[in-house]
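Heads up: the structure comes next, in structure tokens.
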């Protein structure tokens, strides 16, 4: 049965304007559901946009709402039903229906999540499994939601500082193409009748402009094809994400930021699982996944597990080139005094402060550096265009 998204506007029983989104199989079904909730004077319109996967923020909000409902002593089945009723993302709605169906067949929540393998990480499923045994589901869901919120906030900062150069580079390329296609040919026509040979940089510029004009359809088609392939691959596999991480890791500035982010992600999740009483080897095993973009961490985790299973302390299994000497020393102290989870949380706090400082500094340095980069490119083109005019006696 197909499910559709409908946008609606109306008024509530107090005649206050309201609007929102509702999922239903038909326009009439959507209208009936809204009427049952007390809304009147409805204007309902179907949204014909493609069904998108839920954003990470939406999943985090779902987890937080579930923790609140469970904390209010509402049963899991009823809580999921309430969230299903108010869900506005089709894919998340279908997933919730499947989860409820599996639970009604006698499966536990953790087993149902593991079966569908969507939206929840292996670490989170392990935490939920432990919480089911201890009856602390609401607490664990609250902890997961808080950890996710912090992680998403940090990831947004990292992406923002990395995305800015890409935008500037894109604008630079667009400006260069506009100059080469619309401005440079006019100068080429101006200099064409002159017998004086052009400077090398000017000749190369004119040749590039000529190639773009002659083959712009082929170049545009190739660009569209490549972008389409990249988008399709990024949706179906993590090849593009892995490639992006590998390219960024080659740049010293971004490599340092990614390294700090890796340590925060690792310590944050291990601390959460240790507090829940999950054994260290199981906690580490839950990180290993083919979906994980960070291949450096994946390789390191395999080495850590191998050494840990031989009986060595956790701190001795960590590679200083990946985690740093300071982090390893702090973990060793946490192990010795039996407060590993607290020490990991302390590491996360310190690293977040350090990463925030690095991002702020990088943001301040990037803007003038990128403006200089654009100026050099545009300036080079302009100099190449006007260089022949400097020899006015030969050209006039």
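The values are calculated or read from the model by the stated rules, or taken from the named source; none is laboratory data. If you're wondering where the values come from, they're calculated on a predicted model, not measured in any experiment. A quick note on method: Cβ atoms are made from the backbone with ideal geometry, for glycine too, and the neighbour counts reach across all protein chains shown.
The requirement of being outside the structural domain of residue 30 (by TED's automatic domain parsing), in contact with a helix residue (DSSP H, G or I) (Cβ under 9 Å, 6 or more places away or on another chain), farther than 15 Å from residue 3 by Cβ and assigned to a helix (DSSP H, G or I) is not satisfied by residue 84. The single condition from (1) in a helix (DSSP H, G or I); (2) surrounded by 14 or more Cβ atoms within 10 Å (Cβ to Cβ) that residue 156 fails is (2).
On the stretch given as region 102-120, residues that are farther than 19 Å from residue 53 by Cβ and in contact (Cβ under 8 Å) with a residue 24 or more places away in the chain total 4. Does at least one position in region 233-252 carry a residue that is surrounded by 13 or more Cβ atoms within 10 Å (Cβ to Cβ) and within 24 Å of residue 338 (Cβ to Cβ)? Within region 233-252 (the criterion being surrounded by 13 or more Cβ atoms within 10 Å (Cβ to Cβ) and within 24 Å of residue 338 (Cβ to Cβ)), the answer is no, since none of the residues qualifies.
The rows are residues; the columns are (1) at pLDDT 90 or above; (2) surrounded by 14 or more Cβ atoms within 10 Å (Cβ to Cβ); (3) over 28 Å from residue 149 (Cα atoms).
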position: 1; (1), (2), (3): no, no, yes
position: 30; (1), (2), (3): no, yes, yes
position: 33; (1), (2), (3): no, yes, yes
position: 36; (1), (2), (3): no, no, yes
position: 49; (1), (2), (3): no, no, no
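Any chance region 165-179 includes a residue that's assigned by TED's automatic domain parsing to the domain that holds residue 358, exposed (fewer than 11 other Cβ atoms within 10 Å of the Cβ) and farther than 25 Å from residue 373 by Cα? For region 165-179, residues assigned by TED's automatic domain parsing to the domain that holds residue 358, exposed (fewer than 11 other Cβ atoms within 10 Å of the Cβ) and farther than 25 Å from residue 373 by Cα: absent.
Among the candidates 347, 328, 304, the residue that is surrounded by 16 or more Cβ atoms within 10 Å (Cβ to Cβ), modelled with pLDDT of 90 or more and closer than 17 Å to residue 261 by Cβ is uniquely 347. When you scan region 183-197, do you find a residue that is in the same structural domain as residue 373 (by TED's automatic domain parsing), modelled with pLDDT under 85, exposed (fewer than 11 other Cβ atoms within 10 Å of the Cβ) and in a helix (DSSP H, G or I), even just one? Yes, that holds for at least one residue. Taking residue 372, is it surrounded by 14 or more Cβ atoms within 10 Å (Cβ to Cβ), part of a helix (DSSP H, G or I) and either at pLDDT 85 or above or in contact with a helix residue (DSSP H, G or I) (Cβ under 7 Å, 6 or more places away or on another chain) (or both)? In short, no. Would you check if residue 367 is within 23 Å of the chain's Cα centre (by Cα), at pLDDT below 90 and not in a helix (DSSP H, G or I)? Criteria not met by residue 367. The one condition from (1) part of a helix (DSSP H, G or I); (2) within 21 Å of residue 118 (Cβ to Cβ); (3) touching a strand residue (DSSP E or B) at 6+ places or on another chain (Cβ under 7 Å) that residue 23 does not meet is (1). Might you let me know whether region 206-227 holds any residue that is at pLDDT 80 or above, buried (at least 18 other Cβ atoms within 10 Å of the Cβ) and either part of a helix (DSSP H, G or I) or not assigned by TED's automatic domain parsing to the domain that holds residue 117 (or both)? Yes, that holds for at least one residue. When every residue of region 233-249 is checked against the conditions, at least one turns out to be in contact (Cβ under 8 Å) with a residue 60 or more places away in the chain, part of a helix (DSSP H, G or I), touching a helix residue (DSSP H, G or I) at 6+ places or on another chain (Cβ under 7 Å) and under 30 Å from residue 323 (Cβ atoms).
When each of 91, 73 is tested for being out of contact with any helix residue (DSSP H, G or I) (no Cβ under 7 Å at 6 or more places or on another chain), under 29 Å from residue 33 (Cα atoms) and assigned to a helix (DSSP H, G or I), the lone residue that passes is 91. Close contacts from region 212-224, counting a first residue that is touching a residue at least 24 places away in the same chain (Cβ under 8 Å) and on the phi > 0 side of the Ramachandran plot and a second that is surrounded by 10 or more Cβ atoms within 10 Å (Cβ to Cβ) and part of a helix (DSSP H, G or I), with Cβ to Cβ under 9 Å and a gap of 6+ residues or different chains, come to none at all. Name the residues in region 111-123 that are modelled with pLDDT of 90 or more and not in a loop (DSSP other than H, G, I, E, B), would you? Residues satisfying the conditions are 111, 112, 113, 114, 115, 116. Of all residues in region 312-343, those being in a loop (DSSP other than H, G, I, E, B) and either under 17 Å from residue 299 (Cβ atoms) or touching a residue at least 60 places away in the same chain (Cβ under 8 Å) (or both) number 3.
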